[in-house]
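Nothing in this text is a laboratory measurement; each read-out follows from the coordinates by a stated rule. Treat the numbers as computed from the prediction; the structure is a model and nothing was measured. Cβ placement follows ideal geometry from the backbone for every residue including glycine, while neighbour counts extend to all protein chains displayed.
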Amino acid sequence: MTLSEALPLIPRWPWARRRWEHDEVLREQVTLLRQNFPMTLLASLATALGTLWVMARVADTQVVSIWLVSHALVVIGVYATLRGMAPQRDPVLRSARKLMACMAAMGLSWGSLGFVVLYWGSPESVIYAIGIVSTVSSGALGLGAPLYRAYITYLTCAVGGIFAAVAMSGGPAMWPALFLVLVYYALTGLQASTGDTATRRSIALKLENERLVAELRAESQRALAAQEEAERADRDKSRFLAAASHDLRQPLHAMGLFLETLQRSPMSPHQITVLGHAQAASSAAVEMLTTLLDYSRLEAGVVKVRPSAFAVQPLLTALEQEFGVQADNAGLVYRTHETSTAAYADRSLVMLVMHNFISNALRYTQRGGVLIACRRRGRRIALEVWDTGAGIPRSQWDNVFKEFHQLGNPERDRRKGLGLGLAIVRRLVREMGTAVELNSRPGKGSVFRLWLDAWQGALEDEAPPSFNHFDLTGLHVLAIDDDESVRLGMQALLQSWGCLCTTAESSADALDHIEDSTPDLIITDFRLRHEETGKQVLQALRAYLGVPVPAIIMTGDTSPQRLRDAQTTSALLLHKPVSTGQLRDAIVQLISGAVPAPPDALATANGEEAP
């Protein structure tokens with residue numbers, strides 16, 4: 001078992017952890033000693049053969065030969081014991097005891113050489129035995145260094161036999177010899193202890209490094225798992241927003257068409273009042289879904305920044321026309337400072353940022369009003385939105401730009417939006433490569449600034465075409481949608497404009513209805529039944545008719561992939577729910593040739609070319 005595998009098994013209690021660490025260190029020591037043993041056994045046999053050659057001159061050769069055979073049998077027995085050991089799997093104490101027994105057997109075998117020379121050798125043969133055993137013991141120091149107790153067992157058995165032989169030999173050299181043997185034993189044991197300490201520290205450091213690496217690897221795996229979970233949750237959120245947006249846009253789009261048709265019918269004053277309330281409720285729902293769409297388009301990556309030079313004042317005027325009535329209805333003052341400044345940026349994105357700033361300001365201002373201004377600072381300009389609302393605490397300045405974060409709306413009143421407006425601003429600003437600035441005082445109000453590059457050169461004077469009085473009478477429109485209520489609403493609205501409207505629920509149904517007549521315009525939903533898309537419908541109809549009929553694709557789908565697919569169609573793209581004014585402007589632009597609808601054309605819900 002590796003440390004990474006054993007990591008989850010490490011005890012939590014300190015005393016148990018220390019015991020576990022002690023066992024792991026001992027296991028590593030046993031493993032090292034087990035790995036060193038086979039080569040040492042070969043060296044021991046070679047040294048034993050050399051001992052026979054040396055001792056043949058000072059001792060009985062036959063007895064020394066018998067000792068050599070017995071020593072070889074001990075080596076074979078030790079090797080057989082080692083073969084059956086598995087230090088990484090066997091209980092560590094059992095393995096340690098086996099190795100200590102093997103070391104004792106080897107030590108006794110070498111120590112018995114002292115008695116061989118004592119009884120069957122000459123007096124000087126004891127000196128030879130002392131030299132041989134001390135040499136062998138010093139050589140075995142490298143073998144036994146990983147496990148101190150095993151080496152001390154070996155040294156005691158080997159030197160003990162020589163010590164006993166010297167003591168029994170007597171003579172005037174006995175005491176000096178005994179003293180030297182004891183000094184050798186003490187010094188060798190001290191050296192073994194030092195080596196054991198260094199080995200244990202090295203093993204402990206290795207185990208600690210492996211533990212840290214295993215913990216780091218486990219932490220990395222947990223981080224990767226958390227990242228995958230977050231990405232999966234983000235994908236689920238995007239799919240949910242797309243599905244919810246599409247499913248809600250369909251009935252809202254149909255309701256808008258029916259309300260517009262109803263408005264053209266004779267009604268009593270009470271009915272007119274009820275219709276106004278219904279249109280207000282529909283507009284609130286449309287605003288929230290449009291916010292979701294803007295956010296989904298940013299996540300889909302279909303927003304492309306196309307900077308150009310434009311005058312700031314017309315943009316501010318358009319905003320005042322849109323929000324001035326809303327401010328008046330709320331009893332607030334809406335003021336715009338006139339400016340002659342020009343900016344170099346993507347006008348549609350700037351418009352969207354300012355739209356969110358002003359909408360947010362009006363939503364959270366109960367008295368006073370809002371002021372829209374443009375200030376120049378060197379080569380930069382700041383579009384500012386001032387309000388006299390409740391203000392934002394300094395600790396919340398960063399949080400207000402996060403998704404679904406709202407201040408002062410604990411009851412989640414949907415009349416105050418979804419909390420996505422400023423999150424959209426942050427994403428748009430990041431796409432444009434610029435910055436926003438917030439300054440606020442609680443109880444006094446706030447100011448939001450959008451920084452843009454100033455434009456120094458001349459501006460092209462391009463007046464937009466007017467489509468207010470364009471006559472649509474007799475225009476043949478083919479409307480394709482899989483929702484029957486949308487088809488009925490579209491047919492009623494187009495017929496009220498004087499159009500000839502043919503409806504269908506699929507490309508096959510459309511081919512059956514048009515037969516040999518070619519429509520002047522095709523309006524199709526993007527997501528139809530049986531996985532059919534508006535892109536496929538247009539391809540089939542244009543191939544059948546043999547002409548590139550102008551087309552509008554309408555969709556309530558905010559799926560990133562759907563939006564990217566829709567971009568590849570040679571048609572204008574409108575996002576449901578579409579107001580009648582937006583639909584009429586888009587139709588007039590196409591049939592009048594104001595919009596040539598190139599292959600990468602993409603229009604937003606207000607008919608402007610989308611980023």
Filter the trypsin sites (Lys or Arg not before Pro) in the stretch 316-387 to those in DSSP coil with at most 10 other Cβ atoms within 10 Å of their Cβ, and list the result. ARG367, ARG379
At ASP453 and ASN439, where each label point lies 7 Å from the Cα along Cα→Cβ, what is the point-to-point distance in nanometres? 2.6
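Tell me, what is the Rg over Rh of the stretch 101-243, with Rh the Kirkwood radius over Cα pairs?
Details: Rg = 29.6 Å, Rh = 19.1 Å.
Taking Rh as the inverse mean 1/r over Cα pairs, Rg/Rh reads 1.55.
Below 8 Å between Cα atoms, with a sequence gap of 6+, how large is the relative contact order for the stretch 303-454 in percent?
Working: 268 pairs, mean separation 38.6, N = 152.
Relative contact order for the stretch 303-454 comes out at 25 percent.
How charged is the neighbourhood of ALA226? Take every other residue with its Cβ under 14 Å from the Cβ of ALA226, and add Lys/Arg as +1 and Asp/Glu as -1. Please report the intermediate quantities before stating the final value.
On the way: positive: ARG222, ARG232; negative: GLU219, GLU228, GLU229, GLU231, ASP234.
Taking every other residue near ALA226 into account, the sum is -3.
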Computed over the stretch 3-170: relative contact order in percent, which uses C-alpha pairs under 8 Å that are six or more apart: 28
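Is the shape of the stretch 163-224 best called rounded, prolate or oblate, per the rule: a/c under 1.5 gives rounded, else a/b larger than b/c gives prolate, else oblate, with a ≥ b ≥ c the square roots of the Cα gyration tensor eigenvalues?
Details: a/c = 14.78, a/b = 6.52, b/c = 2.27.
It is prolate, given that a/c is not under 1.5 and a/b is the larger ratio.
Need one word for the stretch 53-101: rounded, prolate or oblate. Basis is the Cα gyration tensor (sqrt eigenvalues a ≥ b ≥ c); a/c below 1.5 gives rounded, then a/b vs b/c decides.
Taking the square roots of the gyration eigenvalues as a ≥ b ≥ c, the stretch 53-101 is prolate.
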Tabulate in residue order the Karplus-calculated ³J(HN,Hα) for the stretch 327-334, using 6.51 cos²θ - 1.76 cosθ + 1.60 with θ = phi - 60°, rounded to whole Hz; enter x for Gly and Pro. 5, 4, 5, 8, x, 10, 8, 10
Any idea what % of Cα-Cα pairs in the stretch 303-454 are farther than 18 Å? 56
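Kirkwood hydrodynamic radius of the stretch 3-170 from all distinct Cα pairs, in Å? Present the calculation step by step, with values, prior to reporting the outcome.
On the way: mean 1/r = 0.0582 Å⁻¹.
Roughly 17.2 Å, rounded to one decimal.
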Label-point separation (nm) for GLN366 and GLU515, each offset 7 Å from Cα along Cα-to-Cβ? 6.7
Could you give the nm distance between label points at LEU178 and ARG375, where each point is 7 Å from its Cα heading toward the beta carbon? 10.4
